[in-house]
Structure formats: structure tokens, C-alpha cells
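Step one of this worksheet: look at the structure below.
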Amino acid sequence: MSLAVVYSRAKVGIDAPLVHVEAHLSNGLPAFSIVGLPEAAVKESKDRVRSAILNSGFEFPASRITVNLAPADLPKEGGRFDLAIALGILAASDQIPKDKFADYEFIGELALTGAIRGVAGVIPAALNATAAMRTLILPSANTEEASLSRGEHLTCDHLLEICAHLIKQQSLKGLNIIPITQEQYHGPDLAQVKGQHHAKRALEICAAGAHNLLIL
């Protein structure tokens, strides 16, 4: 059966719900459709994915391609699903193995060359991938941000690097965990403000109690 399932993560506020990217190839006139409540940027991924696959030296299947982003009632936005869609199509067309995706999740926007661009909201995706006991493969441009999640994830710069990793020809780079240090603050201080006693007192109370504040 020409079907492959790849895991990815959506971006909903500070949450990153799991998305199953299901790629299915069937007989019929060549067509490429994406379903599962995709917004405009996700629908446009069809052209990015096609060019990225061809410019990476793979064959784009001359089949009827249907990509389902499940759950269907969750809005999908941005180019973060490009990488998972491309890998799903390559796996469904037997150009890369299908049985390598169970332990991985993928996010990243594809350039027409097959290069992988950074996306927003990486930390929630990394935290949720760790909780699900899967390794997140993400763009190298998001390395510094993702390192704050303290998870053992992998980074990449090109679609070919991931394919080589999946067939064990080469390994992807891991995150360089940045140590969290307490640094002394040397910025402006309330002691430098002359007068404004009521305003300074309000700021101190709000800071101490983590309250909201609006000063007009």
C-alpha cells in the first residue's frame, strides 16, 4: 500500500499538538491535494515540496497524491509541515524506507532547493516530542531556541541530510545544550528615577506579586 505516516507538530499558542501527516499515492491523473483544515501557507507547500524533492535528486511521483493532516478539525498554518509532507511522499513512493518514522517528529519549511528554513514555536514542539519519547528533527536555524528545551533532538540544513540519516549513511547533528547561568543585571534601576514615588511603589508591588500593570 502506497501510504506513509510522518509525525509533526502544529503551533497553537504555547502548545504544540501532534499532527499525523498521512501521504497516500493512488492511481489516476496526476494531482496533489492537501486536506485537514490547511490555511493558505500550508496549501502553498505543494509547490515548495515538489520543487524541493526534484532539486534534491528524487523523483516526484506521477500519481494522485493526497496528504491528510490529522486531526482534521485542528487548523494548520505556516510552512512547518513542509518537511514532513516531503518525507511522507518520498516514503509512500518507496524512495526512502517507511519504517523509520516511528521514533521521530519533523518540523521545518522547505526552500525550493531542498534547504530547510527555520520556523516559529520550536520550544513547545521540542518539549512535547520529549514527553512523547520521540526525537524532534528541526532546522539548524532553530538550534539555539530548541536547546532551551533540554531535550536530545537533531538539527539539519537540507532534505538530503535527513534522508541520509534515515538510511544510516550519515548522522545528523545534535543540539548544543546552552548552560543556563544567573547573570547580574546591569540595566536601568528604579533608584535612578527621581520623584514619582507612587508610580515606583506601584511597580514594586506588581513586580513582587507578579501582577499586571498599566500606567497612563
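Filtering region 30-44 to residues that are under 26 Å from residue 115 (Cβ atoms) and either of a type outside the set (D, E, K, R) or in a loop (DSSP other than H, G, I, E, B) (or both) leaves 30, 32, 33, 34, 36, 38, 39, 40, 41, 42, 44.
Among the residues of region 45-73, count how many are open to solvent by less than 40 Å² (accessible area, probe 1.4 Å), closer than 24 Å to residue 117 by Cβ and of a type in the set (Gly, Ala, Ser). Number satisfying all stated conditions: 4. Checking region 171-184 against the condition returns no match, with no residue being in contact with an Asp or Glu (Cβ under 9 Å, 6 or more places away or on another chain), closer than 23 Å to residue 14 by Cα, among the small types (Gly, Ala, Ser) and without any contact (Cβ under 8 Å) to a residue 60 or more places away in the chain. Mind checking which residues of region 1-32 are over 19 Å from residue 102 (Cβ atoms) and out of contact with any Lys or Arg (no Cβ under 8 Å at 6 or more places or on another chain)? Once the filter is applied, which keeps residues that are over 19 Å from residue 102 (Cβ atoms) and out of contact with any Lys or Arg (no Cβ under 8 Å at 6 or more places or on another chain), region 1-32 yields 12, 13, 14, 15. Residue under question is residue 215, and the condition is that it be in contact with a Pro (Cβ under 9 Å, 6 or more places away or on another chain), hydrophobic (A, V, I, L, M, F, W, C) and under 28 Å from residue 13 (Cβ atoms); does it hold? Criteria not met by residue 215.
One residue stands out in region 12-29 among those that are part of a loop (DSSP other than H, G, I, E, B) and modelled with pLDDT of 95 or more: the one that is surrounded by the most Cβ atoms within 10 Å (Cβ to Cβ), namely 16. Quick check: is even one residue across region 48-59 in a strand (DSSP E or B) and either in contact with a Gly (Cβ under 7 Å, 6 or more places away or on another chain) or not β-branched (Val, Ile, Thr) (or both)? Checked against the condition, which is being in a strand (DSSP E or B) and either in contact with a Gly (Cβ under 7 Å, 6 or more places away or on another chain) or not β-branched (Val, Ile, Thr) (or both), region 48-59 yields no hits at all. Run down 73, 82 and say which single residue is over 15 Å from the mean Cα position of the chain (by Cα) and under 13 Å from residue 19 (Cα atoms). Answer to the selection: 73.
The values are calculated or read from the model by the stated rules, or taken from the named source; none is laboratory data. Predicted, not measured: the structure shown is a model, and the values here were computed from it. Glycine also receives a Cβ, built like all others from the backbone with ideal geometry; neighbour counts cover every protein chain displayed. Quick note on the areas: whole protein, heavy atoms, side chains included, nothing else; ligands and nucleic acids left out. Shrake-Rupley method; radii C 1.70, N 1.55, O 1.52, S 1.80 Å.
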